[in-house]
Amino acid sequence: MKTETVTAPQKQTTQLSGAQLLVRALEAQGVTTVFGYPGGAIMPVYDALTDSTMKHILTRHEQGAALAADAWARMTGRAGVCMATSGPGATNLLTGIANAYMDSVPMVAITGQVATHFMGTDAFQEVDIFGMSMPVVKHSFIIRKTEDIPHIIAEAFRIAESGRPGPVLIDVPKDVTVKKAAVDLPSYERDVPPAHDADAVKKTAEMIRAAKKPLLYMGGGIAIAGAVDAVRDFAGRTGIPAVSTLKALGVLPTDHPQFLGMLGMHGLKAANMAVQKCDLLIVCGARFDDRVTGKLDTFAPHARVVHMDIDPAEVGKLRAADISLIGGMADILNAIDCGRPDIAAWTEQVASLKKEHAWNYNAPGDGVYAPAMLKELSEKAGDKFVATCDVGQHQMWVAQHCRFSRPEAHLTSGGLGTMGYGLPAGIGAKLSEPDTTVVTVSGDGSIMMNIQELATLKRYDIPLKIVLFDNARLGMVRQWQELFFDGNFSEVDLSDNPDFAAVARAFGVEAFTIEKRSEVSSAIDRLLAAKGPIFLHVKIDPAKNVWPLVPPGKSNADMIDEV
């Protein structure tokens, strides 16, 4: 595997503790921000942090630290860093680590561990976090020698950021952080993607020229590969219409004339119908996820498939590819010389589908209509708008109705579906890009998963904007119970919710509540004008569902509208 050097080696001749070496090694990788929570086994590292150039953000739960680091990484393209102590501190990181793994987000998670001579004795706050993390990391390390710290830190960043990115865990026993050593800080090298197959690229161009109904199927791998500009250029010079997964929203601006919307279970009808009609599917960094395809053997039934990805394991895993293109996506797309295919009839057909199935925002009643509010919010915020979204009905409304100008503008838990992602992710996103308008969109179920991070907002005076849609229900579960479980509503009633605005104010965050459509525009203006953190509590109808919907086990062609 070819590599490129990212930082120069730094010589270290004086004796430093392992904790000091760890901090210096992180600084050598260009780390500026660390999210974490201290405790016994990690305490020597926290002692060394006081002399560091890095800024440490004290979250109020280790899961919040991992999810904030996840969002930091999605915004910057560099590995986010989180740390915690042994035992419960380490296990509390696991959900955030798994979230990063499922969405291919680079992360380095550092955990304290009991001293090496106590390992395996069931010592206080000892867990085998190395073993527990193995299914949800690219790699795990246990550092057993102080002298190995700089090399392992550098290797962890190389692994996390190279190829298909993902999280790496480093477990550091306490005695290793206390012992002193003098070692060099190594250079940091990142793997370079392999060269693509020129013959396959040539065949792809021929296939595109021959197609009558080609379609771009854009996935989250595009942004990870730094191929957004290449995809936009390819779409522009070919005129091929495009659909997107949840994670690829914003690769083409969502108001782009060639963009048909998100596809899949809660995708837009024009997008799903176009997939079912196309004769060539050009798959860029997507993996045929079940939430996208519906019943797999009916997905894009008439299409040949060109699949490009950095990870060869994804190609052919669920759908056979007629052409496989493995390597750097930008290089592949730039090399496809297919001219502008003769697809005028097809582009006219999909434009007609898009117009026919355009959303009607004139919902009846005087209550707040979430899709219309989100559309207005994102449009008023403009190109600086970034949404960090929780999981549930509000997540799908954001994906369907917000305007996104780039993929980094839409941060959400795609593969794992982690409730509680939105607030800590908003913290990580806002700290990484202070000049953007970061809005956390949450639901009354999700917000309670990590509501303690309101204290983090207040402590650091992070000007995050929070929109909480409160339907006093676990909305998405309630919707499925209504539609597919004969209306047997089991454990979805949240009518005993607290006054969320009062809760936010108790944390020292400005907060207010609305429940009428007539209040929406002024509330958005107040939200956007706020200089500090602000919390908007929006009461909505508990009976509202997310439409359209592909029922479980059905083809995307069987998508249903409101019933």
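The values are calculated or read from the model by the stated rules, or taken from the named source; none is laboratory data. Note that the structure is predicted; figures quoted are calculated from it, not measured. Quick reminder, even Gly has a Cβ in these numbers, built from the backbone with ideal geometry, and neighbours come from all protein chains shown.
Evaluate the following for GLY261: is it farther than 12 Å from ALA557 by Cα, within 21 Å of the chain's Cα centre (by Cα) and assigned by TED's automatic domain parsing to the domain that holds LYS203? It would help to see each step written out before you state the result.
Numbers: farther than 12 Å from ALA557 by Cα: yes; within 21 Å of the chain's Cα centre (by Cα): yes; assigned by TED's automatic domain parsing to the domain that holds LYS203: yes.
In short, yes.
Find the residue count for region 78-92, including only residues that are under 11 Å from GLN113 (Cα atoms) and of a type in the set (D, E, K, R).
0
What's the number of the condition SER140 fails, among (1) free of Cβ contacts under 8 Å to residues at least 40 places away in the same chain; (2) touching a helix residue (DSSP H, G or I) at 6+ places or on another chain (Cβ under 8 Å); (3) closer than 21 Å to SER17 by Cβ?
Exception for SER140: condition (3).
Does any residue of region 440-463 turn out to be farther than 21 Å from THR95 by Cα, buried (at least 24 other Cβ atoms within 10 Å of the Cβ) and either within 20 Å of the chain's Cα centre (by Cα) or basic (Lys, Arg) (or both)?
For region 440-463, residues farther than 21 Å from THR95 by Cα, buried (at least 24 other Cβ atoms within 10 Å of the Cβ) and either within 20 Å of the chain's Cα centre (by Cα) or basic (Lys, Arg) (or both): absent.
Any residue at all in region 366-375 that's of a type in the set (A, V, I, L, M, F, W, C), surrounded by fewer than 21 Cβ atoms within 10 Å (Cβ to Cβ) and either on the phi < 0 side of the Ramachandran plot or out of contact with any Cys (no Cβ under 9 Å at 6 or more places or on another chain) (or both)? Steps first, answer last, please.
In the first step, residues of region 366-375 are kept if they are of a type in the set (A, V, I, L, M, F, W, C); the result is 368, 370, 372-374.
Next, only the ones that are surrounded by fewer than 21 Cβ atoms within 10 Å (Cβ to Cβ) stay: 372.
Filter once more, keeping what is either on the phi < 0 side of the Ramachandran plot or out of contact with any Cys (no Cβ under 9 Å at 6 or more places or on another chain) (or both): 372.
Taking every residue of region 366-375 in turn, at least one turns out to be of a type in the set (A, V, I, L, M, F, W, C), surrounded by fewer than 21 Cβ atoms within 10 Å (Cβ to Cβ) and either on the phi < 0 side of the Ramachandran plot or out of contact with any Cys (no Cβ under 9 Å at 6 or more places or on another chain) (or both).
Check region 421-438 and report whether any residue there is within 23 Å of GLY219 (Cα to Cα), part of a loop (DSSP other than H, G, I, E, B) and out of contact with any Gly (no Cβ under 6 Å at 6 or more places or on another chain).
Yes; the residues of region 421-438 include at least one that is within 23 Å of GLY219 (Cα to Cα), part of a loop (DSSP other than H, G, I, E, B) and out of contact with any Gly (no Cβ under 6 Å at 6 or more places or on another chain).
Which pairs do you get when a residue that is in contact (Cβ under 8 Å) with a residue 24 or more places away in the chain, found in region 390-419, comes within reach of a residue that is among the basic types (Lys, Arg), reach meaning Cβ atoms under 7 angstrom, with the pair 6+ apart or on two chains?
Once the first residue is in contact (Cβ under 8 Å) with a residue 24 or more places away in the chain and sits in region 390-419, its partners that are among the basic types (Lys, Arg) give HIS401/LYS375; CYS402/LYS375; GLU408/ARG74; LEU411/ARG74; GLY414/LYS247.
Could you identify the single residue in ARG505, ARG517 that is more than 19 Å from LEU423 (Cα to Cα), in the same structural domain as MET476 (by TED's automatic domain parsing) and at pLDDT 95 or above?
Unique residue meeting the criteria: ARG517.
Residue pairs, Cβ under 8 Å, 6 or more apart or interchain, first in region 478-490 and closer than 20 Å to VAL550 by Cβ, second loosely packed, with under 12 Cβ neighbours inside 10 Å. List them.
GLN481/GLY487; GLN481/ASN488; GLN481/SER490; LEU483/VAL563
Identify all residues within region 94-118 that are free of Cβ contacts under 8 Å to residues at least 60 places away in the same chain and among the aliphatic types (A, V, I, L, M); write none if there are none.
LEU94
How many residues, within region 386-433, are surrounded by 24 or more Cβ atoms within 10 Å (Cβ to Cβ), under 18 Å from PRO463 (Cα atoms) and of a type in the set (A, V, I, L, M, F, W, C)?
9
If we scan region 434-454, do we find a residue that is among the small types (Gly, Ala, Ser), touching a helix residue (DSSP H, G or I) at 6+ places or on another chain (Cβ under 8 Å) and within 22 Å of GLY365 (Cβ to Cβ)?
Step one: list which residues in region 434-454 are among the small types (Gly, Ala, Ser), which gives 442-443, 445-446.
Add one more test, that the residue is touching a helix residue (DSSP H, G or I) at 6+ places or on another chain (Cβ under 8 Å), and what stays is 442-443, 445-446.
Add one more test, that the residue is within 22 Å of GLY365 (Cβ to Cβ), and what stays is 443.
Looking for residues that are among the small types (Gly, Ala, Ser), touching a helix residue (DSSP H, G or I) at 6+ places or on another chain (Cβ under 8 Å) and within 22 Å of GLY365 (Cβ to Cβ), one finds at least one in region 434-454, hence yes.
For every residue, the table says whether it meets (1) modelled with pLDDT of 95 or more; (2) touching a Gly at 6+ places or on another chain (Cβ under 7 Å); (3) not in a strand (DSSP E or B).
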site	(1), (2), (3)
ALA313	no, no, yes
ALA345	yes, no, yes
GLN349	yes, no, yes
ALA358	no, no, yes
ASN362	no, no, yes
ALA372	yes, no, yes
LYS375	yes, no, yes
GLY382	yes, no, yes
THR388	yes, yes, no
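Are any residues in region 312-330 acidic (Asp, Glu) and surrounded by 16 or more Cβ atoms within 10 Å (Cβ to Cβ), and if so, which ones?
If we filter region 312-330 for residues that are acidic (Asp, Glu), which is where we start, we get 314, 322.
Matches in region 312-330: GLU314 only.
Which helices (runs of 4 or more DSSP H) sit wholly inside region 111-190 and have at least 3 residues that are under 13 Å from ALA79 (Cβ atoms) and either among the charged types (D, E, K, R) or not assigned by TED's automatic domain parsing to the domain that holds LEU26 (or both)?
Details: elements: 129-133, 149-161, 174-178.
Counting at least 3 such residues, we get 149-161.
Go through (1) farther than 22 Å from GLU62 by Cβ; (2) surrounded by 21 or more Cβ atoms within 10 Å (Cβ to Cβ) one by one and return the number of the condition ILE466 breaks.
(1)
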